[in-house]
Amino acid sequence: MAATMRGGSVALAIILLCFTCSNNVFLLPSSSASSSPTDDFLRCLSGKIPAEQVFTQSSSGFMAELTSSVQNPRFVTNATVRPACIVAASDASHVQAAVRCGRRSGVRLRVRSGGHDYEGLSYRAVRAETFAVLDLAGLRAVRVRAGDATAWVDSGATLGELYYAVGTANPGFAFPGGACSTVGVGGYLSGGGIGLMMRKFGIGADNVLDAMIVNADGELLDRGRMGEDLFWAIRGGGGESFGVVVSWRLKLSMVPPTVAVFTIAKTAGGGGGGDAAALLAKWETLILQPFLPDLTIRIVLQGRTALFQCLYLGGGGCARLAATMRAYFPELGMTASDCHDLTWLRAMAFISLGAADAAPEGMLRRTNNLGTYVKSKSDYVRRPMGAAAWSALFADHLASNDAGVLILEPHGGVVGAVVPDHATPYPHRAGVLYNIQYGVFWWGDAEGESEAAARRWLDALYVAMEAAVSGNPREAFVNYRDLDIGENAVVGGVTEYESGRRWGERYFMGNFRRLAAVKGRVDPGDYFRNEQSIPPLLQPY
């Protein structure tokens, strides 16, 4: 039985005028010596892409299309640089046409799948330039058959759509994705993809078997034609550097008919053995256990509260999980009433939507966020912080700001002990205990005193954490993109390698130079470029 997902719309979740058009149908400018690159681009697209799928800034549907998947309103203000136009692709041939026309006319493409781009670089630019957005939300098919341990999924599908298709058409199989159902598959896999199942099955990129990519020449290539170096690079080397991946062939993994989940909240300073700081310290030692891949507990810290979120894949459901918790983490005090026996699909809905009775169909809703501003950063921890450090973190930072959040994603298991650091571009494996995502929220205006206060809090916390996290380099996660750690410099029309290395080695460590060498071979002219794209290394690797 085949299932195909094409429809459906909790994120921690721009000014160049084209020309007159209306009702989302663009009018072609007459050819003249004074034609702009945008005019030439649109003229080239005519007949290759339906007119109603191309939006210029004066189109009635331009802002709705631009904001359709935006998760951070910081990047849709009048002060940010908007695309000259948006191409809403619904077929691989549309992607090919956009790349070929863009190359010919001198209009660069920024590629968006789900919109959870932490710095908005898939749909805005930091400095003024002429570019178009290639929106892949219309490329969202999921092709999966009962009993088949593989699936093809388009880049514009969300993780929720992928989970729903796999869980309904192929019960007993799962894909190790992230906790947020509205994240686009393309962005998730392009950055490696971490989540609650990686201790058991590896990161998302470890489970990619094949892909279809449109390269800088507009050619559509599978794994065999693109070559192993490029196939290696796209599985975690960051989006928008090497081409446009339109679809991915994924390895699915078998899971028990019933998995177990729980969410338990604890408070810093809580008595009776329930102090959140002491529990965090015990949790750190739990990750150090040589092999507990079936048990994953991520933690969300906000104010004085620590929320322990568990997914257990070991079989036997809550009864087996309770025994495991008594053996390894009795201090958390898990009881039978905390735990829920669910199918894997319903477990992902529980994690994503926050309720044990959440219907999986809720993960099919595509949402945006235009009301809450957010800034994020990231770190990796390689040695336990200990109870005293966690107590200080609550007292000195978290307790003073309920709009600040830390999310701790445990590594170890398969991702840290089995798969080597160089297997994919994602290098944060051996020796990593957990990743930290820092977030701070504010309301009102994108810039102003609320924004300044939020940034001061986040920056002070980030400085305070320096001694506790990795160093030389201080590692960061590319899917939590952060322009504070560096931006590219363009020299002679090409991104300068050293400017990229300053931020790139924090995301990719020893894999960065290989990524740059691949970029130099497949896109030496640096067509696919943004403020944190991989620079082309043109000398021998």
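The values are calculated or read from the model by the stated rules, or taken from the named source; none is laboratory data. These numbers were taken from a predicted model, which means no experiment stands behind them. Cβ sites come from the backbone with ideal geometry, for glycine too, and all protein chains shown count toward neighbours. In case anyone asks, the SASA skips ligands and DNA or RNA and just uses the protein heavy atoms, side chains included. Shrake-Rupley method; radii C 1.70, N 1.55, O 1.52, S 1.80 Å.
Between the stretch 68-91 and the stretch 124-188, the C-alpha centres lie 19 angstrom from each other. A DSSP coil position with no more than 15 other Cβ atoms inside 10 Å describes the following chymotrypsin sites (Phe, Trp or Tyr not before Pro) in the stretch 407-480: Trp443.
With contacts taken as Cα pairs under 8 Å and at least 6 residues apart, the stretch 400-541 reaches a relative contact order of 19 percent.
Which whole-number percent is the relative contact order of the stretch 78-214 (Cα, under 8 Å, 6+ apart)? Please list the in-between numbers first.
Values: 244 pairs, mean separation 29.4, N = 137.
It comes to 21 percent, rounded to a whole number.
With bins 5 Å wide starting at 0, give me the P(r) of the stretch 180-322 over every alpha carbon pair, in whole percents. Histogramming the stretch 180-322 at 5 Å steps yields 2, 8, 14, 16, 14, 13, 11, 9, 7, 4, 2, 1, 0 percent. Only helices enter the 222 nm calculation for the chain: every DSSP H run of n ≥ 4 contributes -39,500 (n - 2.57), and dividing by all residues gives -8000 deg cm²/dmol, rounded to 500. Diffusion of the stretch 97-203 by Stokes-Einstein, at 10 °C in a medium of 1.306 mPa s and with Rh set to the Kirkwood radius over alpha-carbon pairs, works out to 105 µm²/s. For the cross-link pairs Lys266/Lys377; Lys375/Lys519; Lys282/Lys377, the ones whose C-alpha atoms lie over 27 Å apart are Lys375/Lys519.
Based on protein heavy atoms only, the chain ends up with 36 Å² per residue of surface accessible to a 1.4 Å probe. The P(r) of the stretch 37-135 has a tail past 15 Å containing 57 percent of all C-alpha pairs.
For the stretch 347-446, state the average projected area of the convex hull of the C-alpha atoms over all orientations, rounded to one decimal in nm². Don't skip to the end; give the middle numbers.
On the way: hull surface 38.2 nm².
Mean orientational projected area (the stretch 347-446, Cα hull): 9.5 nm².
Of interest is the spacing of the C-alpha centroids, which for the stretch 447-490 and the stretch 230-278 amounts to 21 Å.
Residues whose amide H comes within less than 5 Å of that of Arg382, counting only those at least five positions distant or on another chain, are Leu433, Ser470 (H built at 1.01 Å from N in the peptide plane).
Using Cα-Cα distances under 8 Å and only pairs 6 or more residues apart, what relative contact order does the stretch 37-135 have, in percent?
36
For the chain, with all protein chains in place and a probe radius of 1.4 Å, 52% of the accessible heavy-atom surface sits on carbon or sulfur. When you count the other C-beta atoms within 10 angstrom of each residue and take the mean per peptide, 489-496, 529-536 line up highest first as 529-536, 489-496. The rule of thumb for compact globular proteins, 2.2 N^0.38 Å, goes into the C-alpha radius of gyration of the stretch 381-513 1.20 times. Put simply, the amide H of Ala430, placed in the peptide plane, has neighbours under 5 Å in Asp421, leaving out anything fewer than 5 places away on its chain.
Eigenvalues of the alpha-carbon gyration tensor of the stretch 318-386, scaled by 5 and square-rooted, set the equivalent ellipsoid semi-axes at 28, 24, 10 angstrom, largest first.
How long are the three semi-axes of the equivalent ellipsoid of the stretch 451-541, in whole Å, if each is the root of 5 times an eigenvalue of the C-alpha gyration tensor, listed from largest down? Don't skip to the end; give the middle numbers.
On the way: eigenvalues 160, 47, 16 Å².
In descending order, the three semi-axes are 28, 15, 9 Å.
Amide H contacts of Leu134 (H built 1.01 Å from N, in plane; Pro and chain starts excluded): Val87, Arg110, Val111, Arg112 sit under 5 Å, all sequence-distant by 5 or more or on other chains. Multiplying each eigenvalue of the alpha-carbon gyration tensor of the chain by 5 and taking the square root yields semi-axes of 38, 25, 22 Å, largest first, rounded to whole angstroms.
How large is the charge dipole for the stretch 67-207, taken about the Cα centre, if only the Cβ atoms of Lys, Arg (+1) and Asp, Glu (-1) carry charge, to the nearest 20 debye? Don't skip to the end; give the middle numbers.
On the way: 15 positive and 9 negative charges, 78 e Å.
Dipole about the Cα centre, nearest 20: 380 debye.
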